[in-house]
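The values are calculated or read from the model by the stated rules, or taken from the named source; none is laboratory data. Bear in mind the structure is a predicted one, so any value in this text is a computation, not a measurement. Heads up, the Cβs are rebuilt from the backbone with ideal geometry, glycines too, and the neighbour counts pull from every protein chain shown. Accessible surface is based on the protein model in full, side chains and every heavy atom, while ligands, DNA and RNA are left aside. Shrake-Rupley method; radii C 1.70, N 1.55, O 1.52, S 1.80 Å.
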Amino acid sequence: MLSLALPFSARSSWEQALNEGIIRAEDNVGAFKSQQIDNLCGTIIRIDPETGLGLSSNPFYDATRPGAPRSKVWALGFRNPYRFIHVPNTGSHNPEDGDPGTLIIGDVGGAAWEEMNIARTGGLNFGWPIFEGVGYHWGFAGAWTANEYMPYEAPNCNSAGYNFQDLIKQLNNIEQEAFKQPCGNPGPVAEDIATFLHTPPAVTWSGLLWNQPPRVAQPGYDSESGNLKEVLMGTQESEVKGTNFAGFTSMPGFFYEDGPFPEEYHGAYFHADLSGWIRVFHFEEDFQLVQVDSFATWDDKGVVHIAYNPSDGALYWCNVYENEVHRISYGGNPRPESIAKADKYYGVGPLTVQFDGTEAFDPDGGSLTYTWDFGDGMSSTLQNPTHTFVAGSNNPQSYTVSLTVTDSLGLSDESSILISLNNTPPKVEITSFENGSTYSIEGVNYLPLEAEVSDVEHELSSLTFEWETFLHHNNHYHPEEPKLAQRSDAILEPLGCLLETYWYRIRLTVTDPEGLSTVDEREIFPYCGEPFVEFVELSARIDDDEIILDWSTEQEQDVAQFIVERTPNFRFLPIGEVAGAGQSMAPQSYSFADTDPQKGGQYYRLKILNSAGDYSYSNIVYIDYSGLRDYTIFPNPSNGLFNLVINEAGGEQVKVEFFNTIGQPMYKLEWETSASQIFREQLDVQQLEPGLYYYRLTHGDKEQSGSVLIVR
């Protein structure tokens, strides 16, 4: 099984991750994690699908640690290998051969270059972040950073390990420079230190947003020095035919097999980009690119996946922005498109509505016939008919009106709209945060989602609510699963304030029983201003029946208040607040008493707000308020095998749920117990990645929580 792992990119989360055991100090190197074989960031991994362990034929396999990251890594040095495909008819089905076949990998660039990478064997390093495209990355190549998984000790050398730049070199086809020790020390690197020659992309194209003009490059060599260099398409030196282009998310597709497409496409490779294009790449033997042809382009259409269907020979592509799947076929008659509109959609009956079908069209430019079904037993064949709706009473009543358009060859398409009589849409206003508010990049944000909603004709309980959260990233966005509740919340990752642009958009759609809807939206952006508080660590202690929280600040620049948050069910919710000092250059001390603590483990943090509503977070503190526990989970830490002992659990259902550090459920175990007073069971969660996890133990009417650490 091949899989991929993406680099962890949230700024300012490293301190929390270190404190909670999610990463080790050696991992705290930012984007350089993609250059380490000892973690899974920025890698493609090859594992046994039954056990999740690395395969012995992997390039960095360690027989003493088959579950370690290095035992799983097949290729590394990626920024975001969003998709990869296996080239048909390559490789072996025998895992011991260590030859899963050739992979084509689309690596999404940071800003300058998008890459199409080809991995024909394991152990290749594609260079990120030291390299992007064919050449060096201007921001990281000179940022000398030690890889502490590769230790180095020598006199007069301050480095704790070989620098990442010491361990990877650009290719040279005349005389490859030898790898050397850091700090100018003579001699080669140690034999147990992994070194790499950068594997450049097969082809790379410029970033649409920050690297104009559009251009396409392949790796080539300088005839005098032998150093690798960019060979730009369209120059005399390039043998690739085609027109230059740009993009911002490289997306592998497929090789077109036999089908109705013209012969020139048979055996050709199709590749896409989120910016709105599909192109055909023609390779000779050994994947030497010779020509790139434009196949289809759209204005910002959000192509996130393309596939070939051998049953009909058509190409299918997904539009992330419209939640649509499209088909591109060759020959035949394309379907017309129906677009129905009206001058009004609701009002007091009788209601006269002017309908409009002029935007419907036939892709071939042919003529259309129109059939309107007004939903009340009446119809029309006009392009733009007028119709009067009459309700049977003064109560709200809705009609679904459909428009069917048919071309000259009999192919048709239908669209519909809603007309509602004696009805008005709900009034909706999101109230839990203002449009243009900010969120913290110091930790995960839990944003309450609440709104003022009213409807003249219907009770609140009869309305349906849909909350949607969209993470915007540069020129595209990632929708999350909608939440169907009157009140909800959103988890906002601490993204933003670096080279790339991030923000969130929250949408609430409220629909009445007759189908009329109202939408309200708000946007919330990362806080990228200067810190407004110099904070000293939050601590917690038990005092009789209360939990006392203590903290202090060294100085405050406009601190309005501290909101104390606690985690019931692993989502932080406010339980009180303390006024800040506002402006203060002198140390300040604070205290807060939780007079009604929950039984079991408690997690607390502070949300620190300034007068503008911007906020940041304190550290998270844990305290156990359960007294003498009636259960034990041990050993802790472990490799993912824990023992659970409950002193009294006779006849009760026992359930253990594991959550990650942002409250997402990761695994669940359940048992029905017998009459025995003592319950013993092994908790096998070895499939979880190493790190900190919270658990919730439920048995009978008792609910208790705590944390475990998985290390390997």
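Values computed for the structure shown
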quantity: C-alpha center-to-center spacing [region 425-502, region 349-387] in angstrom; calculated: 37 Å
quantity: Entry for Cα extents along the principal axes in Å (calculated from the structure that is shown) out of [x] 121, 62, 55; [y] 119, 56, 54; [z] 90, 79, 62; calculated: [z]
quantity: Computed [θ] at 222 nm, deg cm²/dmol, the chain (DSSP H ≥ 4; -39,500 (n - 2.57); rounded to nearest 500); calculated: -500 deg cm²/dmol
quantity: Cα shape, region 522-597, gyration tensor, a/c 1.5 rule; calculated: oblate
quantity: Of all accessible heavy-atom area on region 189-311, the percent that carbon and sulfur account for (1.4 Å); calculated: 44 percent
quantity: Most to least packed among 392-399, 215-222, 99-106, 71-78 [average Cβ atoms within 10 Å]; calculated: 71-78, 99-106, 215-222, 392-399
quantity: Built amide H within the under 5 Å cut-off of LYS301, gap 5+; calculated: GLY276
quantity: Å² of accessible area per residue within region 136-189, as computed with a 1.4 Å probe and no ligands counted; calculated: 60 Å²
quantity: Inter-label distance for ARG712 and ASN94, nm, one decimal - labels placed 7 Å from Cα along Cα-to-Cβ; calculated: 2.7 nm
quantity: Selected from TRP205, ILE174, THR195, residue furthest toward positive end of dipole (region 89-244; charges at beta carbon); calculated: TRP205
quantity: Charge sum, other residues only, whose C-beta stays under 11 Å from VAL73's C-beta, Lys/Arg counted +1 and Asp/Glu -1; calculated: +1
quantity: Region 142-180 and region 543-607: distance between their alpha carbon centers, rounded to Å; calculated: 46 Å
quantity: Å² per residue, accessible surface of region 268-334 at 1.4 Å; calculated: 48 Å²
quantity: Solvent-accessible area, 1.4 Å probe, carbon plus sulfur percent, for region 95-179; calculated: 49 percent
quantity: Global geometry of region 386-514, whether rounded, prolate or oblate, following the gyration tensor of its Cα atoms and the 1.5 cut on a/c; calculated: oblate
quantity: The chain, relative contact order in percent, only Cα pairs under 8 angstrom and at least six apart counted; calculated: 7 percent
quantity: Shape category assigned to region 203-310 from the gyration tensor of Cα positions, a/c cut at 1.5; calculated: oblate
quantity: Separation between Cα centres of region 642-708 and region 22-38, rounded to whole Å; calculated: 31 Å
quantity: Accessible-area composition of region 367-423, carbon plus sulfur, in percent [1.4 Å probe]; calculated: 46 percent
quantity: Solvent-accessible area per residue for region 351-499 (1.4 angstrom probe, square angstrom); calculated: 50 Å²
quantity: Label-reachable residues, region 120-152, where backbone N falls under 17 Å from a point 7 Å from ASN227's Cα toward its Cβ; calculated: 130-143
quantity: Amide H partners (placed H, <5 Å) of PHE389, local residues excluded; calculated: LEU351, THR352, VAL353
quantity: Ordering of 529-542, 322-335 by packing [mean C-beta count within 10 Å, highest first]; calculated: 529-542, 322-335
quantity: Region 97-155 - charge dipole about Cα centre, Lys and Arg +1 at Cβ, Asp and Glu -1, debye rounded to 20; calculated: 120 debye
quantity: HIS305 paired with GLN176, simple spin-label distance in nm, labels 7 Å along Cα-to-beta-carbon; calculated: 3.9 nm
quantity: Environment charge at ASP364 (Cβ cut-off 15 Å; Lys +1, Arg +1, Asp -1, Glu -1); calculated: -3
quantity: Under the Karplus curve 6.51 cos²θ - 1.76 cosθ + 1.60, θ = phi - 60°, whole-Hz ³J(HN,Hα) for region 683-700, x wherever Gly or Pro sits; calculated: 9, 9, 10, 5, 6, 6, 5, x, x, 8, 9, 8, 10, 10, 9, 10, 9, x
quantity: Segment GLU237-ASP624, extension gain: residue separation times 0.36 nm, minus the distance between their alpha carbons; calculated: 132.4 nm
quantity: Of ILE22, GLN354, TRP113, farthest towards positive along the dipole that unit charges on Lys, Arg, Asp, Glu beta carbons give the chain; calculated: ILE22
quantity: Dipole of the chain [Lys/Arg +1, Asp/Glu -1 at C-beta], most positive-end residue of PRO155, VAL303, PRO81; calculated: PRO155
quantity: Spacing of the two label points (7 Å from each Cα toward its C-beta) at THR386 and GLU359, in nm; calculated: 2.2 nm
